[in-house]
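The values are calculated or read from the model by the stated rules, or taken from the named source; none is laboratory data. Bear in mind the structure is a predicted one, so any value in this text is a computation, not a measurement. Quick reminder, even Gly has a Cβ in these numbers, built from the backbone with ideal geometry, and neighbours come from all protein chains shown.
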Amino acid sequence: MSTSIKKNFVNNLKFVYSDNNTLSVIFDDNDLLMGIVGEFNKNLKELERITESNLYSRGNSILIKSSPDKNEIVKNAIQFLVNQFINNGNIENKDILSSIDKFMIEEKVKNQNVTDIIKTPKKSIIPRSEKQKKYVRALRQSDIVISAGPAGTGKTFLAVAVGLTMLLEKKIERIILSRPAVEAGERLGFLPGDMKEKVDPYLRPLYDSLYDLFHFEKIQRMIEIGDIEIAPLAFMRGRTLKNSFAILDEAQNASDTQIKMFLTRIGENSKIVVNGDPSQIDLPNKNMSGLDRSKKLLSHLNEISVIDFDHSDVVRHPLVSKIVKAYSNHND
């Protein structure tokens, strides 16, 4: 489809504002409208859920009912989705998320302390809760940060984001990402390949965070030249980490001795981050976990920040927060 035709589609959208905070987006092309709305209004319902606004399909238009600011965000999202549909012929769930990310971020930035924003090459990361703000500040200011909390609270992602920005700004020389190689209840058996291929399955979430923040080829290059090192916890013994940003992920599966070993690797101009979820201990004996003990022993030191997240800080799918809360209530 030519550029002129694409522009014509977007330009043919009409926007009518009403006094009762209702914005009507009128389509000249019904096929385009159906593509945006989706089968059984599924795209519209998802956009409605994400933006917490009221959306209705009426004839050849979409009605948006919310606050004026939110109406504009949804309007911009619909324009984004129109372009996406014209270019690709369909709309996926990730497109709906992308359609609002840019505009929601712009709105949040207006009311956000600029020092809390983490700017990476692919996106700007904005803490979504007060504890996340406190965590990001601790990552930047403290020598050691210990955080604990349920899945989806951004412990690993935010730490990797801060570490990556420090590396790109040349405040450190390398990032070191580590995890205990502990099976999550399964029996993986013998893994073929060299050492890297054997441990990579355990470290995959760390790779995912990196690729979400920077271009794949550049991350691969940084790993090849040693600017980013990903290694199982067992490989850290005996080392001194200088000019580094080191993250121990899944620390609930590390013993008291292992966490002590990792923390004492800290060297000149380095930061160490220890993250874990106490509710997901995969060790044969849960009492072997050293995460809670490290928090209790070290929280009084000024150079060490301890952050405890809960279900209200979960930033994944809204259902994750409900699941975490339900399990927590049952265990209590």
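Overview of results
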item: Hits in the range 226-235 - residues which are under 16 Å from N275 (Cβ atoms) and not in a strand (DSSP E or B); result: L233
item: Any hit, the range 267-274, residues being farther than 15 Å from D143 by Cα and assigned by TED's automatic domain parsing to the domain that holds R174; result: no
item: Members of the range 270-298 that are of a type in the set (S, T, Y) and farther than 15 Å from K260 by Cβ; result: S270, S279
item: Members of the range 109-159 found to be at pLDDT below 90, assigned to a loop (DSSP other than H, G, I, E, B) and within 26 Å of G267 (Cβ to Cβ), listed by number; result: T120
item: Any hit, the range 311-332, residues being surrounded by 20 or more Cβ atoms within 10 Å (Cβ to Cβ) and either more than 19 Å from K155 (Cβ to Cβ) or modelled with pLDDT of 90 or more (or both); result: no
item: Test result for I223, more than 19 Å from the chain's Cα centre (by Cα), free of Cβ contacts under 8 Å to residues at least 12 places away in the same chain and part of a helix (DSSP H, G or I); result: yes
item: Residues of the range 167-179 that turn out to be in contact with a strand residue (DSSP E or B) (Cβ under 9 Å, 6 or more places away or on another chain) and surrounded by fewer than 19 Cβ atoms within 10 Å (Cβ to Cβ), as a count; result: 2
item: Number of positions in the range 65-79 that are under 9 Å from T51 (Cα atoms) and in contact (Cβ under 8 Å) with a residue 24 or more places away in the chain; result: 2
item: Verdict on S294 being among the polar types (S, T, N, Q) and surrounded by 13 or more Cβ atoms within 10 Å (Cβ to Cβ); result: yes
item: Extreme residue, nearest to the chain's Cα centre (by Cα), among residues of the range 23-79 that are part of a helix (DSSP H, G or I) and acidic (D, E); result: E46
item: N43 modelled with pLDDT of 90 or more and under 18 Å from D95 (Cα atoms); result: yes
item: All positions within the range 56-74 that are more than 23 Å from D29 (Cβ to Cβ) and aliphatic (A, V, I, L, M); result: I73
item: Of all residues making up the range 117-157, the number that are more than 20 Å from L263 (Cβ to Cβ) and either crowded, with 20+ Cβ neighbours inside 10 Å or touching a residue at least 40 places away in the same chain (Cβ under 8 Å) (or both); result: 20
item: Residue check for S244: of a type outside the set (D, E, K, R), out of contact with any Pro (no Cβ under 8 Å at 6 or more places or on another chain) and within 20 Å of L203 (Cβ to Cβ); result: yes
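Residue-wise test of (1) out of contact with any strand residue (DSSP E or B) (no Cβ under 8 Å at 6 or more places or on another chain); (2) surrounded by fewer than 17 Cβ atoms within 10 Å (Cβ to Cβ); (3) in contact (Cβ under 8 Å) with a residue 12 or more places away in the chain; (4) hydroxyl-bearing (S, T, Y).
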| position | (1), (2), (3), (4) |
| --- | --- |
| D212 | yes, yes, yes, no |
| I230 | no, no, yes, no |
| F235 | no, yes, yes, no |
| N243 | no, yes, yes, no |
| L283 | no, yes, yes, no |
